[in-house]
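Enquirer: Next up is a structure, given as structure tokens.
The values are calculated or read from the model by the stated rules, or taken from the named source; none is laboratory data. Model, not experiment: these values are computed from the prediction. Heads up, the Cβs are rebuilt from the backbone with ideal geometry, glycines too, and the neighbour counts pull from every protein chain shown.
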Amino acid sequence: MCRVARARLYRNGVLETEDFPPDRLAEYLADEDLTVWLDLGTPDEGDLQILAGPMGLHELAIEDALQSHQRPKLDEYDTHYYLTAYSVTLDSTTYRLTKNEVSVFITDRAVLTVRPNEAFDIDEVVRRWDNLTHLAKNGVDFLVHGLLDYVVDTQFDIVASLEDRVEELEDMIFDEHLANRDQLRQALALRRSLVTLRRVAVPLREVVNTLTRRVSGTPMAPYFQDVYDHVLRVAEWTESLRELLGTFRETQLNIQSNRLNLIMKKVTGWAAIIAVPTAITGFYGQNLPIPGAQQPWGAWVSSIVIVVTSVGLYAMFKRRDWL
């Protein structure tokens with residue numbers, strides 16, 4: 001018996017029944033007025049083989065569906081399309097991005113979704129279908145649109161959150177009290193998340209573009225075009241944020257280098273000032289008959305020379321912004 005997690009049956013755009021027995025799938029597919037959706041959660045090869053006959057699934061597509069971490073893609077076979085896509089979630093503390101995979105078999109009158117785990121929120125996809133019931137008469141295209149719309153919206157929301165965090169990092173870049181190590185750790189975490197997002201968003205552009213051309217001239221065309229516009233924005237947004245993070249790191253290194261130069265300049269200036277009394281006292285400390293040795297006026301002269309020279313050096317360095 002095939003372990004179907006959820007199922008829906010639409011007749012002429014109206015939801016007729018849910019969670020029907022999968023052994024009646026061949027009967028339903030023979031009726032041209034029906035559109036079928038089946039969902040498999042954590043399936044094995046036997047589950048897919050049961051559905052492969054009625055739906056005409058290709059063995060290579062079945063193999064891909066059973067192997068996780070596929071690249072987002074759209075493969076065309078004689079009897080169906082095979083689609084792989086990813087929704088994403090973001091940990092608000094570590095900014096670690098998690099990919100949630102879904103595989104989709106698309107035939108003329110049926111859609112089969114395969115999820116390797118429960119991370120992909122299929123319930124949200126169903127809610128989107130329920131909110132757009134006026135489009136259900138478009139059959140399979142309606143189901144595919146709702147699923148892709150959810151996938152792209154998760155990516156769009158995440159890239160917006162990442163941008164907010166990147167802007168916060170930009171505001172902290174001139175904060176001398178924040179450790180550079182903390183900034184670097186956050187920047188690297190954001191960069192890793194953006195790289196992961198890029199891997200799932202950029203290939204999805206071609207997937208959605210192909211499906212948009214497929215429905216060209218139908219009532220669903222504007223809706224697919226809207227999804228395509230969103231996925232383009234996600235891809236471009238991700239690229240710009242990656243470049244911005246690279247610029248952030250370069251700016252951080254430049255600021256750190258400038259601060260180090262400023263510190264070295266000040267330390268050198270004070271060392272030069274301190275060197276004057278050190279040299280004078282060392283000169284008069286020689287065990288030689290120097291003029292003014294063991295005389296009160298000698299102590300006064302050396303003290304005046306120390307003060308005048310030190311003040312003069314301080315004023316000169318200050319005027320040149322060395323201190």
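Enquirer: Kindly list, by first and then second residue, each pair from a residue in the stretch 209-231 that is in the same structural domain as L143 (by TED's automatic domain parsing) to a residue that is charged (D, E, K, R), limited to pairs with Cβ atoms under 6 Å and residues at least 6 apart or on different chains.
Expert: Final answer for the pair search is V215/D141; M220/D141; V227/D149; V231/R205.
Enquirer: What pairs can you find where one residue is in the stretch 9-28 and assigned by TED's automatic domain parsing to the domain that holds L51, the other is in a loop (DSSP other than H, G, I, E, B) and exposed (fewer than 11 other Cβ atoms within 10 Å of the Cβ), and their Cβ atoms are less than 9 Å apart, with a gap of 6+ or different chains?
Expert: So the pair list comes out as P21/M1; P22/M1; D23/M1.
Enquirer: Shifting gears a bit: List every residue pair whose Cβ atoms sit under 8 Å apart, with the two residues 6 or more apart in sequence or on different chains, where the first one lies in the stretch 263-279 and is polar (S, T, N, Q) and the second, anywhere, is surrounded by 12 or more Cβ atoms within 10 Å (Cβ to Cβ).
Expert: Final answer for the pair search is T268/W322.
Enquirer: Identify the residue in the stretch 65-79 that is in a loop (DSSP other than H, G, I, E, B) and at negative phi and, among all such residues, is surrounded by the most Cβ atoms within 10 Å (Cβ to Cβ). Don't jump to the end; show me each part of the working.
Expert: Filtering the stretch 65-79 down to residues in a loop (DSSP other than H, G, I, E, B) leaves 67-72, 77-79.
Now drop any that are not at negative phi, which leaves 67-68, 70-72, 77-79.
Numbers: Q67: 10, S68: 12, Q70: 16, R71: 10, P72: 21, Y77: 15, D78: 6, T79: 12.
Per the criteria, the residue is P72.
Enquirer: Please verify whether N131 is of a type in the set (S, T, N, Q), in the same structural domain as T196 (by TED's automatic domain parsing) and either in contact with a Gly (Cβ under 6 Å, 6 or more places away or on another chain) or within 20 Å of P43 (Cβ to Cβ) (or both), treating the condition exactly as stated.
Expert: The answer is no for N131.
Enquirer: Let me ask something additional. Got at least one residue in the stretch 165-177 being modelled with pLDDT under 95 and more than 26 Å from the chain's Cα centre (by Cα)?
Expert: Looking for residues that are modelled with pLDDT under 95 and more than 26 Å from the chain's Cα centre (by Cα), one finds at least one in the stretch 165-177, hence yes.
Enquirer: May I ask you to say which residue of D123, D108, D157, D141 is over 24 Å from S68 (Cβ atoms), among the acidic types (D, E) and free of Cβ contacts under 8 Å to residues at least 40 places away in the same chain?
Expert: None of the other options fit; the residue is D108.
Enquirer: Let me ask another. Between A189, A119, A85, which is in a helix (DSSP H, G or I) and either of a type in the set (A, V, I, L, M, F, W, C) or not assigned by TED's automatic domain parsing to the domain that holds E239 (or both)?
Expert: Only one candidate qualifies: A189.
Enquirer: Right, something else. Give R181, R214 a once-over and let me know the one that is of a type in the set (D, E, K, R), out of contact with any helix residue (DSSP H, G or I) (no Cβ under 6 Å at 6 or more places or on another chain) and modelled with pLDDT of 90 or more.
Expert: From the options R181, R214, the qualifying one is R214.
Enquirer: List pairs: first in the stretch 47-63 and without any contact (Cβ under 8 Å) to a residue 40 or more places away in the chain, second in a loop (DSSP other than H, G, I, E, B), Cβ under 6 Å, 6+ apart or cross-chain?
Expert: H58/Y77
Enquirer: Continuing with this model, one more query. I'd like to check something: does the stretch 68-75 contain any residue that is over 23 Å from V202 (Cα atoms) and within 37 Å of the chain's Cα centre (by Cα)?
Expert: Within the stretch 68-75, not a single residue is over 23 Å from V202 (Cα atoms) and within 37 Å of the chain's Cα centre (by Cα).
Enquirer: State the number of residues belonging to the stretch 93-105 that are free of Cβ contacts under 8 Å to residues at least 60 places away in the same chain and under 12 Å from the mean Cα position of the chain (by Cα).
Expert: 1
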